[in-house]
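Read the structure below first, then the notes.
The values are calculated or read from the model by the stated rules, or taken from the named source; none is laboratory data. Model, not experiment: these values are computed from the prediction. Cβ coordinates were reconstructed from backbone atoms using ideal geometry, including for glycine residues, and neighbour counts include every protein chain displayed. Surface accessibility is based on the protein's heavy atoms, side chains included, excluding ligands, DNA and RNA. Shrake-Rupley method; radii C 1.70, N 1.55, O 1.52, S 1.80 Å.
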Amino acid sequence: QVQLVESGGGLVQPGGSLNLSCVVSGAVFRLLAMGWYRQAPGKERELVASINYVRATNYADSVKGRFTISRDNTKKTLYLQMNSLKPEDTAVYYCMNSGQPVGPWGQGTQVTVSS
């Protein structure tokens, strides 16, 4: 049974940083291309960063230069380092593999950027 558990969100002031984690169980993590998604209130879920099994990365224009996605295959964990956070980064952040989801979406982790 595949499970994805996100953590690391919180309340941070504009310009601050957070590091999100996503632990994946029940799947061959090292072979999966993975992504971080976010959903703000009233908006559709969007992909913000992705990383494939050879660690090639891609970012949405809105987060380029501020966010860094990485992975630790031995720990089956995906990370998202978020710097220079802006109020428009406020959303629930989720991780999921690219393409057809291997399991259900997790609960996500709330990121709130506010002074």
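Quick notes on this structure:
- Among the GluC sites (Glu not before Pro) within the stretch 1-76, those in coil by DSSP and having at most 14 neighbouring Cβ atoms inside 10 Å are GLU44.
- For the chain, the dipole from Cβ point charges (+1 on Lys and Arg, -1 on Asp and Glu) about the Cα centre works out to 280 debye, to the nearest 20.
- Derived from the Cα gyration tensor, the three semi-axes of the equivalent ellipsoid of the stretch 18-115 are 22, 15, 12 Å, largest first.
- Normalised per residue, the accessible area of the stretch 13-96 is 51 Å², obtained with a 1.4 Å probe and no contribution from ligands, DNA or RNA.
- Volume per residue that the Cα convex hull of the stretch 75-115 spans, once the total is divided by residue count, Å³: 103
- Each part reduced to its alpha carbon centroid, the stretch 88-115 and the stretch 15-68 end up 8 Å apart.
- Whichever lysines have a C-alpha closer than 28 Å to that of LYS76, once near sequence neighbours (fewer than 8 apart) are set aside: LYS64
- Near MET96: Cβ cut-off under 11 Å, other residues only, Lys/Arg at +1 and Asp/Glu at -1. The net charge is 0.
- A P(r) calculated from all alpha carbon pairs of the stretch 56-97, with 10 Å bins opening at zero, reads 22, 57, 20, 1 percent.
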